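Trainee: I have a structure here, written as structure tokens, and I will follow up with some questions on it.
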Amino acid sequence: MSEVYDVIVIGSGPAGYPAAIRAGQNKLKVACIDEWKNTDGSFAFGGTCLNAGCIPSKALLESSELYQRAKDEFAVHGIKIGALELDLAAMQKRRASVVKVMSGGVAALFKANGVTGIQGHGRLLPGNRVLVTGPDGAEKTLEAKHVVLASGSVPVRLKNVPHDGKYIVDSWNALEFDSIPARLGVIGAGVIGLELGSVWRRLGSEVTVLEALPQFLPMTDGAIAKEAQRHFKKQGLDIKLGAKVSAATVAGGAVDVVYTDAQGEHTLTVDKLVVAVGRRPFTEGLLAEGTGVRLDERGFIEVDEHCRTGVPNVWAIGDVVRGPMLAHKGKEEGVMVADLIAGQFGEVNYKVIPSVIYTAPEIAWVGQTEEQVKAGGRPYKVGTFPFSASGRARAMEAAQGFAKVVSAKDDDEVLGVHVIGPMAGELIAEAVLAMEYSASTEDIQRTIHAHPTLSEAIHEAALAVDKKAIDGINR
Ligand code: FAD
Ligand code: AMP
């Protein structure tokens, strides 16, 4: 007889593992299956985010920023450190240990919440059964009242840019380099390309980023994108816009990258080339014939706003379904689905999902950009506040960038908040909460912000919306 569960989750990334944990908290009998294999062959829960994405990238961003600050900024603080040395092996060891602790944490949370974690490949069969193939090839069939598909995404590869994992690499490989490439090429100036480019630039690589689109960071507020481009240029990131890569070949231990821009065709020679042109939903081997689960034309599993696939009691969440490919979006979908399965209330507010780019300065936003509000035709007002006027940012020697609040002219509702500057990713949480509660600008204006903190920048930007900023000049 096959094992029977209330819920089986396929995939233990930041969408799948929260779904499994919440199902356990809801007293459901739950199993979570994953087949993840690290580059050293070891198994781990946590998916892309913990093992090859959010966490290792942030570990290296932190280490490389500390190195760069020690090199360029300690002297300003009056700290003399003599000759600075970089130990990449130690840096990478720390990155690996941060990842190990975090993915071990998922296993511990499964235990604490009564989730059965299973190593193996999961394949949905018709009739809410799941075929599990273990690492040794042994097969078993599980049954469940509900199945949650959370199989995530994988990097997009470019035709004529053949991935070899050594010279032409993806984001995962680029997090595990064991030496600093003298010349690094990055295809794609998206979030991942910019974060990885920043890491290796800070550690000494000469970095060229090739981006097909003519506009820099088109998804961000225009003023923020302009400010970011200025800072990245100053840091020595050579970002070429309107540069479409058509081919790359490895020869003599280097990569020749062919790209075309308005001036014609060029060849760039680099020691390593990172392809960071986006991610695609991953469903290989996931769905047996006849399950009835449908994919859209881009390969995403089709779902409604509650992540129902249309097949009774089969749900799908995270990167494998529509919406931004972000860990926290997947997490909320996982929690929503587990609560709905338990007969409770569940909802994701897709309008209020924060985005963060962990460069320096950091970039974070929530809601609509000024350009989107303008295009929508609703009259609006804008307030900004520069970190150069923030005492805390000055004290931190990090007085770059600004905060910007966009609000409706009619009822003062906050429509979007955009920050480029120190700890922007942390600061944006206040704006997310404000927008979740449909706050007005006046609500933020009347909220006391501790002094001196970076959060005052959001307070002052909200005041500036009505030309009432105290610490900045109202324009
Ligand atoms: P995944 O994390 O991809 O997990 C899917 C899991 O399913 C995997 O473990 C896989 O092994 C397993 N699986 C798939 N098919 C099967 C099967 N048939 N049987 C068993 N197991 C299966 N997002 C952020 O929000 N913030 C960041 O800072 C951030 N940084 C990133 C940096 C990088 C370099 C990358 C690559 C991504 C980053 N992301 C970030 C994106 C984030 O990692 C994804 O949005 C997130 O991991 C998606 O979660 P998921 O659970 O849907 O899928
Ligand atoms: P994201 O989807 O945010 O990870 O960003 C990926 C970026 O890669 C996008 O801005 C794309 O325009 C860019 N891109 C995709 N294909 C190419 C290519 N062939 N050459 C240069 N840039 C590309």
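None of the figures in this text is laboratory data; all of them are computed from the coordinates on show. This one's a predicted model, so the numbers in the text were calculated from it and none came from an experiment. Every residue, glycine among them, receives a Cβ derived from its backbone with ideal geometry; neighbour counts consider all protein chains shown.
Trainee: DSSP loop GluC sites (Glu not before Pro) in the range 337-385 with at most 16 other Cβ atoms within 10 Å of their Cβ, which ones? If you can, show how the numbers build up before the last one.
Mentor: Working: sites: Glu347, Glu362, Glu370, Glu371; in loops: Glu347.
Sparse-neighbourhood loop GluC sites (Glu not before Pro): Glu347.
Trainee: Return the inverse of the average 1/r over all pairs of distinct C-alpha atoms in the chain, which is the Kirkwood hydrodynamic radius, in Å to one decimal.
Mentor: On the way: mean 1/r = 0.0416 Å⁻¹.
Averaging 1/r across every pair of different Cα atoms and inverting gives 24.0 Å.
Trainee: Mind counting lysine pairs for me in the range 236-371? Cα separation below 23 Å, and the two need to be 8 or more apart along the chain or on different chains.
Mentor: Taking the Cα cut-off of 23 Å, the pair count is 4.
Trainee: Among Pro452, Gly137, Leu149, pick out the residue whose Cα is farthest towards the positive end of the charge dipole of the chain, where Lys and Arg carry +1 and Asp and Glu carry -1 on C-beta, about the Cα centre.
Mentor: In the chain, that residue is Pro452.
Trainee: Note down the relative contact order for the range 282-415 as a percent, whole number, built from C-alpha pairs under 8 angstrom at least six residues apart. Don't skip to the answer; put the middle values down first.
Mentor: Details: 165 pairs, mean separation 16.4, N = 134.
Computed over the range 282-415, the figure is 12 percent.
Trainee: For the range 407-456, what does the convex hull of the Cα positions come to per residue, in cubic angstrom?
Mentor: On the way: hull volume 3.8 nm³, N = 50.
Expressed per residue, the convex hull around the Cα atoms of the range 407-456 is 76 Å³.
Trainee: If you count the DSSP beta bridges with both ends in the chain, what percent of them are antiparallel, to the nearest 5? Display every interim value, and only then the final one.
Mentor: Working: 53 of 88 bridges.
The antiparallel proportion sits near 60 percent.
Trainee: What dipole magnitude, in Debye to the nearest 20, does the range 1-85 give about its Cα centre under +1 on Lys/Arg Cβ and -1 on Asp/Glu Cβ?
Mentor: Values: 8 positive and 10 negative charges, 50 e Å.
The dipole of the range 1-85 has a size of about 240 debye.
Trainee: Residue farthest toward the positive end of the dipole of the chain, with Cβ of Lys/Arg at +1 and Asp/Glu at -1: which of Gln344, Thr39, Val405?
Mentor: With unit charges placed on the Cβ atoms, the residue in question is Thr39.
Trainee: What ranking of Arg202, Arg129 emerges when the number of other C-beta atoms within 10 Å of each C-beta is taken as an exposure proxy, fewest first? Mind dumping the intermediate values first?
Mentor: Numbers: Arg202 25, Arg129 18.
Exposure proxy ranking, most exposed first: Arg129, Arg202.
Trainee: Just rank Trp315, Trp200, fewest to most, by other beta-carbon atoms within 10 angstrom. Write down the numbers at each step before the final one.
Mentor: Details: Trp315 28, Trp200 22.
Arranged by neighbour count, lowest to highest, Trp315, Trp200 become Trp200, Trp315.
Trainee: Here's something else I'd like to know. Rank the residues Tyr380, Tyr17 as a footprinting-exposure proxy: fewest other Cβ atoms within 10 Å of their Cβ go first. Could you put the intermediate results ahead of the total?
Mentor: Numbers: Tyr380 19, Tyr17 32.
If I rank by nearby Cβ atoms, fewest first, I get Tyr380, Tyr17.
Trainee: Cα atoms only: what Rg and Dmax, in Å, come out for the range 266-422?
Mentor: Radius of gyration, then largest Cα-Cα span, for the range 266-422: 20.8, 63 Å.
Trainee: Separate question: Amide H of Arg183: which non-local residues (sequence gap of 5 or more, or other chain) have their own amide H closer than 5 Å, using H built in the peptide plane?
Mentor: Glu206, Asp271, Lys272
Trainee: Follow-up question, since we're still on this one. Tell me, what HN-Hα J-couplings in whole Hz come from the Karplus equation 6.51 cos²θ - 1.76 cosθ + 1.60 at θ = phi - 60° for each residue of the range 73-90, using x for Gly and Pro?
Mentor: Ordered by residue, 3J(HN,Hα) equals 10, 4, 4, 4, 7, x, 10, 9, 10, x, 6, 8, 10, 10, 10, 4, 4, 5 Hz.
Trainee: Give me the percent relative contact order of the chain, please, defined on Cα pairs under 8 angstrom at least 6 residues apart.
Mentor: Details: 1042 pairs, mean separation 67.7, N = 475.
That works out to 14 percent.
Trainee: Further question: Mind listing the long-range amide H neighbours of Val154? Cut-off is under 5 Å, sequence gap 5 or more, other chains count too, H placed in the peptide plane at 1.01 Å from N.
Mentor: Arg280, Phe282
Trainee: Relative contact order for the range 379-458 using alpha-carbon pairs under 8 Å, separation at least 6, rounded to a whole percent?
Mentor: 32
Trainee: Okay, next question. Could you tell me what percent of the DSSP beta bridges with both partners in the range 1-140 are antiparallel, to the nearest 5?
Mentor: Details: 8 of 17 bridges.
In the range 1-140, approximately 45 percent of DSSP beta bridges are antiparallel ones.
Trainee: Further question: By how many nm would the segment from His163 to Ser246 grow when fully extended, if each residue of separation counts as 0.36 nm and the alpha-carbon distance is taken off?
Mentor: On the way: separation 83, 0.36 × 83 = 29.88 nm, distance 1.40 nm.
Gain on extension, His163 to Ser246, equals 28.5 nm.
Trainee: Still on this structure, please answer the following. Nearest 20 debye, what's the magnitude of the dipole of the chain about its Cα centre given +1 on Lys and Arg Cβ and -1 on Asp and Glu Cβ?
Mentor: Details: 50 positive and 57 negative charges, 83 e Å.
Charge dipole, the chain, about its Cα centre: 400 debye, nearest 20.
Trainee: Against the globular-protein guess of 2.2 N^0.38 Å, express the Cα radius of gyration of the range 2-82 as a ratio, rounded to two decimals. Walk me through the numbers on the way to the answer.
Mentor: Working: Rg = 20.4 Å, N = 81, 2.2 N^0.38 = 11.7 Å.
Working it through for the range 2-82, the quotient is 1.75.
Trainee: Between the range 332-346 and the range 431-475, what is the C-alpha centre distance in whole Å?
Mentor: 34
Trainee: Now a separate question. Relative to the compact globular guide of 2.2 N^0.38 Å, what is the alpha carbon radius of gyration of the range 390-475, as a ratio?
Mentor: Working: Rg = 12.1 Å, N = 86, 2.2 N^0.38 = 12.0 Å.
Relative to the rule-of-thumb radius for its length, the range 390-475 sits at 1.01.
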